[in-house]
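Just so you know, all these numbers are worked out from the coordinates, no wet-lab data involved. Computed from a predicted model, the values in this text were never measured in an experiment. Neighbour counts are summed over all protein chains in view; Cβ atoms, including those assigned to glycine, are modelled from backbone coordinates with ideal geometry.
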2 protein chains.
Amino acid sequence: MQTFLSSQNIVELEKRYRANLINSITGFKNANLIGTIDEENRTNLAVFNSVFHLGANPALIGFIVRPDSVERHTLENIISTHHYTINHVNKIIYKKAHQTAARYPRDVSEFRATRLTEEYKNNFKAPYVAQSHIQIGVQFKQKIDIELNGTILVIGEITQLYFPSNCIFTDGFLDIEKAETIACTGLDSYHTTTRISRLSYAKPDTEPEELKLNYLE
Amino acid sequence: MQTFLSSQNIVELEKRYRANLINSITGFKNANLIGTIDEENRTNLAVFNSVFHLGANPALIGFIVRPDSVERHTLENIISTHHYTINHVNKIIYKKAHQTAARYPRDVSEFRATRLTEEYKNNFKAPYVAQSHIQIGVQFKQKIDIELNGTILVIGEITQLYFPSNCIFTDGFLDIEKAETIACTGLDSYHTTTRISRLSYAKPDTEPEELKLNYLE
């Protein structure tokens, strides 16, 4: 049996029900912790599940900020200090990551509240999450206001990248599953994964085949 | 052991290696097939892994189009006919979905080339993918040019939604894992998932708990 909802049906859904449903249908996504610091050296950490790839050269990454949410501290810090970290959520820290979404006051760092550890390295101003296995240092490039609903697209360039040395393939593919990164659905559901296969580059007259590639080490 | 790459290291990577790496680090995402039709009723189908949630009320969804790619047919059709479908890739059709990325000429429909089935229903102009279990009908709202790298953000409003009736929870959460949707990493890796748990709404003074909720039916 298939359920059909029209535009009108969607508008008439109870608010929280609609939020759960519409946040579910965009599918699997990554949970990422974004770490920032303000000009008075107060840190902030917030979970975002809207980080997406924008380009490889230059290496650009985007995410969406909602207008009236706790995520505002993140945006304010990025605009004032221009640097932030994106840290993959893994199966060890997913409950702490989820907890960073709580509405803590400005002077409470979510690092301290959730007992995640600030890590500073290679002269990067913003704090990494020490418990995260894949860490990305990003320099702010542009913010684009989306007038349709008041959300904001934040774009940055990747200037530092850290990952477990035993998770990279010979062709540059990074095995985030081996790095214990987990997938996320809806607003609150977390999932481990099992790779089916990698498929070869698609060409018109051949069927895709399973790639037989190895780790670099 | 952790590998560190600086901005300079990233720039110096071989092009294809960098594409694999930078497409991997944004984490898990959903593979979606976008179905369109042009004014001469020629259909097009292409896989995108950059679809993301923009808002629940109105229900807005975005995705990224790259400037010089086969995805251009999709964008041209959306601009001319204003309607498109977003269809979840599941474990039965993932090889066919991957194959839609091949550079077929304009007059070859990827539906026919990959033997996926066009489905038309409830007066929606664009074709759904019959084999997909979660299908979203979208009306084009806006395109935003991202000048940093020539990509384009396409935003639409959800006007039709179809999902398996036994996959929806009492609070509106849709169990896309039960609907056989799969997760994707990098440019070519596909994964099944296993839910760890859903977590309760985060509040400052309590720890998140596992949600005990049930299917609507």
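In sequence order, the stretch B:176-184 has phi-based couplings of 6, 5, 5, 7, 6, 4, 10, 9, 10 Hz under the Karplus curve 6.51 cos²θ - 1.76 cosθ + 1.60, θ = phi - 60°, and Gly or Pro positions carry x. Dipole orientation for chain B: of the candidates B:Gly150, B:Gln99, B:Tyr190, B:Gln99 has the Cα lying most toward the positive pole (charges on Cβ; Lys, Arg +1; Asp, Glu -1). Can you tell me which of A:Ala183, A:Ala101, A:Ala202 moves the most in a GNM of chain A? Springs connect C-alpha atoms under 10 Å apart. The residue with the greatest mean-square fluctuation here is A:Ala202. Structural descriptor for chain B: relative contact order 21 percent, calculated from alpha carbon pairs under 8 angstrom and at least 6 residues apart. Charging the Cβ of each Asp and Glu at -1 and of each Lys and Arg at +1, and nothing else, the dipole of the protein assembly as shown about its Cα centre rounds to 400 debye.
Out of A:Asn87, A:Asn49, A:Asn57, any idea which swings most in a Gaussian network model of chain A, alpha carbons joined below 10 Å? Largest GNM mean-square fluctuation: A:Asn57. The same position B:Thr170 in the other copies lies at 5.4 nm from this copy, comparing label points 7 Å beyond Cα toward the beta-carbon, shortest first.
For peptide B:6-13, the mean count of partner chain Cβ atoms within 10 Å of a residue's Cβ comes to 4. Charges were assigned to the Cβ only: +1 to each Lys and Arg, -1 to each Asp and Glu. The resulting dipole of the stretch A:12-191 about its Cα centre is roughly 340 debye. Take the Cα of A:Leu213, step 7 Å toward its Cβ, do the same at A:Thr170, and the gap between the two points is 1.1 nm.
Evaluating 6.51 cos²θ - 1.76 cosθ + 1.60 at θ = phi - 60° for every residue in the stretch B:41-48, the Karplus couplings come out as 6, 8, 9, 9, 9, 9, 8, 10 Hz, glycine and proline recorded as x.
If you average the alpha carbon positions of the stretch A:170-217 and of the stretch B:27-49, how far apart do those two centres end up, in angstrom? Computed from Cα coordinates, the inter-centre distance equals 21 Å.
Sorting A:Leu187, B:Leu33 from the fewest to the most surrounding beta carbons within 10 angstrom yields A:Leu187, B:Leu33. Across the copies of the chain, B:Glu14 has label points (7 Å from Cα along Cα→Cβ) spaced 5.7 nm apart, shortest distance listed first.
Count Lys and Arg as plus one, Asp and Glu as minus one, and take only other residues whose Cβ is under 11 Å from that of A:Ile144; the net charge is then -2. Shielding by partners for peptide B:89-99, expressed as the average number of C-beta atoms from other protein chains within 10 Å of each residue's C-beta, is 3.
When B:Asn122 is represented by a point 7 angstrom out along its Cα-to-C-beta vector, the spacings to that point in the other copies are 4.8 nm, nearest first. By the scheme Lys and Arg +1, Asp and Glu -1, what is the net charge of all other residues having a beta-carbon under 14 Å from that of B:Ser6? It works out to a net charge of 0. For A:Ile196, B:Ile10, the sequence from fewest to most other C-beta atoms within 10 Å is A:Ile196, B:Ile10. The HN-Hα couplings worked out from phi for the stretch A:162-170 by the Karplus form 6.51 cos²θ - 1.76 cosθ + 1.60 (θ = phi - 60°) are 10, 8, x, 5, 8, 10, 9, 7, 5 Hz, whole numbers, x standing for Gly and Pro.
On full extension, the segment bounded by B:Arg103 and B:His82 gains 5.2 nm, given 0.36 nm per residue less the C-alpha separation.
Write down Rg/Rh for the stretch A:12-191, rounded to two decimals, with Rg from the C-alpha atoms and Rh from the Kirkwood relation over Cα pairs.
0.95
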